[in-house]
Amino acid sequence: MVTMTGPSGPPRQLRRLRVILAALFAAVALAAFALSGQSRASAAAAPAAVAAPDAGTGYWHTSGRQILDADNQPVRIAGVNWFGFETSNDVVHGLWSRDYKSMIDQMKSLGYNTIRLPYSDDIFKPGTMPNSINFYNMNTDLQGLTSLQVMDKIVDYAGSIGLRVILDRHRPDAGGQSALWYTSSVPESTWITNLKALATRYQGNTAVVGIDLHNEPHDPACWGCGDTTIDWRLAAERAGNAILGVNPNLLIFVEGIQTFNGTSGWWGGNLMGAGQYPVELNVANRVVYSAHDYATSVAQQTWFTDPSFPANMPGIWDKYWGYLFKQNIAPVWVGEFGTTLQSTTDQTWLKALVDYLRPTAGNGGDSFSWTFWSWNPDSGDTGGILKDDWQTVDTVKDGYLASIKAPTFGGTGSTGGTSSGTSSGTSSGTSTGTTSGTSSGTTSGTSTGTSSGTSSGTSSGTTSGTSSGSTGGTGGGGCTATLNIDNQWDAGFTATVTVTAGSAAINGWKVTWTWPGSQQETSAWSATVQQSGAAVTATNLSYNGAVAAAGSTSFGFQGTASGAFTAPALTCTAS
């Protein structure tokens, strides 16, 4: 999710940013290479088939509006977005608080069968390491691994317990979302090279069913205009064919754009042009179209204030993307949708959307597929299935999705042990004042002005701003510290502080700074943070105070702010 402009609406903060990686499917004889990426069956009645409990075998392909497994059984993707690989943490969020296997086990126990994993191209840079994992009594098998190697572990474990994974190219780099699939620093050639690298990396691993080519293309992206520099449909064909040239079994997930023929919608949510200008690939039956849809906690849209709301919503969804499914043109996967559920409008919207997506009972795999935004609680304008402690389930939000959940799939044969529990150092305090609707909320507790947690991660995906950069700290205290503002939006921000030891090892550290304005810390992880006026003090937790000579550790926090600001100078003192 990222900032978007809706029809006559203000820019929307798309959730901290999602990316998906693609998956392999049907190892059976696939229909021959054809220039049509989708079998465009006539709009006559589509086959009504219910997904069998053991559906999901092998690689997947499409037929009309359905996704089928290697045995031609219809499957329904019903999952969650677990973001973080696209942020400066270079790994999924929450591993500062829990073991990754515990997290995935919980997803399965709640009835989710697929994980969409957003990532940025930064993870392909040599030596990119995750920076926010707690290895104390958890995640021990991730220690020393690169970001891509951690992704391997997540994919393998998810597959071993019957879940599937979609890899989502969410951003060109961790700095922010891009309107087009390329930027001045990440050209199209790099985008395609990295997509092919993923297809190669997971070749033969049927836990990965496909790749989401690029998250939320938006203006000036067009569909069918013919200009190769901005025509997203043509770019999707180039990228899709490159992937299928490496692994012809993967599904290719293609998101919409923002504006088609003067009609605008959510970023990535406008597929009005796909019927007239379909994505055509060299391997038939591989295209799944993907839409994103949100409620007022992300941004206002004209349809929410229409007197006929919510009765008008099925017609809105039909126009933008639902027609592809209803006319049996292609499968549609709603790759992102979410809300804080704080307003009556949002509650009504979610109920209407769930009804529109069709209940699994009676429809099975002959339904819209979906992944909810998000699993993470640290999505500022939606929140998540988990609450701020990264363990407790938001049973109200999860309950809305009950009728559209679907069975998990058979294991892919990967090995994976049980989870090793959760950290005892989860958030235990809040600062006075809460964020104004765009942060993930405060942590639980009653201490005034303090918060403590277990992670160095940052929130991902909903902000409209970009980082304000980093600032260095003073030396001479046995350590130095730098602060990077990872994301900013209208009323809040998230930041990561990296503490680096000097020429000698240290046993503890304290970082202090003074805000330049009215900034207020509201929740923190991997440090105890106290704020008095503009002055802030952060001290290590029990497990991350010891830092080897020239080594580093990090912590993160979220806060409120009125507009952009410059990161302050830091002072680090070792003990």
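The values are calculated or read from the model by the stated rules, or taken from the named source; none is laboratory data. The shown structure was predicted, so the numbers you read here are calculated from the model rather than taken from an experiment. Using ideal geometry, Cβ is built from the backbone for each residue, glycine included, and neighbour counts are taken over all protein chains shown. Surface accessibility is based on the protein's heavy atoms, side chains included, excluding ligands, DNA and RNA. Shrake-Rupley method; radii C 1.70, N 1.55, O 1.52, S 1.80 Å.
At-a-glance table
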| item | result |
| --- | --- |
| Set of lysines near K153 by C-alpha distance (under 21 Å), chain-local residues within fewer than 8 positions excluded | K101, K108, K125, K196 |
| Among 155-162, 529-536, the order from most to least packed when residues are scored by Cβ within 10 Å on average | 155-162, 529-536 |
| Over region 178-277 - Rg/Rh using Cα atoms and the Kirkwood inverse-distance radius | 0.98 |
| Probe 1.4 Å, all protein chains present, accessible-area order of C479, C225, largest first | C225, C479 |
| P(r) weight above 23 Å for region 138-234, C-alpha pairs, percent | 37 |
| Rg followed by Dmax, in Å, when region 249-394 is reduced to its Cα trace | 15.8, 47 |
| Along principal axes, Cα extents of region 68-204, largest first, whole Å | 44, 43, 25 |
| Estimated inter-spin distance, C225 and T305, nm [label 7 Å along Cα→Cβ] | 2.8 |
| Geometric extent, Cα atoms of region 250-296 - Rg, Dmax (angstrom) | 11.8, 40 |
| Highest-first arrangement of 178-186, 260-268, where packing means the average Cβ count within 10 Å | 260-268, 178-186 |
| Cross-link reach list, lysines versus K319, counting only Cα pairs under 16 Å and skipping chain neighbours closer than eight places | none |
| Taking N as its residue count, the alpha carbon Rg of region 90-150 over 2.2 N^0.38 Å | 1.17 |
| Rg to Rh, two decimals, where region 220-304 supplies the alpha carbon set and Rh follows Kirkwood | 1.02 |
| Accessible surface of region 353-401 [probe 1.4 Å, protein heavy atoms]: carbon and sulfur percent | 51 |
| Binned Cα-Cα distances of region 319-411, short to long, each 10 Å bin given as a whole percent | 15, 45, 32, 9, 0 |
| For region 94-108, 3J(HN,Hα) per residue [Karplus equation, 6.51 cos²θ - 1.76 cosθ + 1.60, θ = phi - 60°, Hz, x = Gly/Pro] | x, 6, 6, 10, 9, 6, 5, 5, 4, 5, 5, 4, 5, 4, 5 |
| Per-selection Rg to Rh, region 479-575 - Cα, Kirkwood hydrodynamic radius | 0.98 |
| Within the accessible area of region 77-222 (1.4 Å probe), percent carbon and sulfur | 51 |
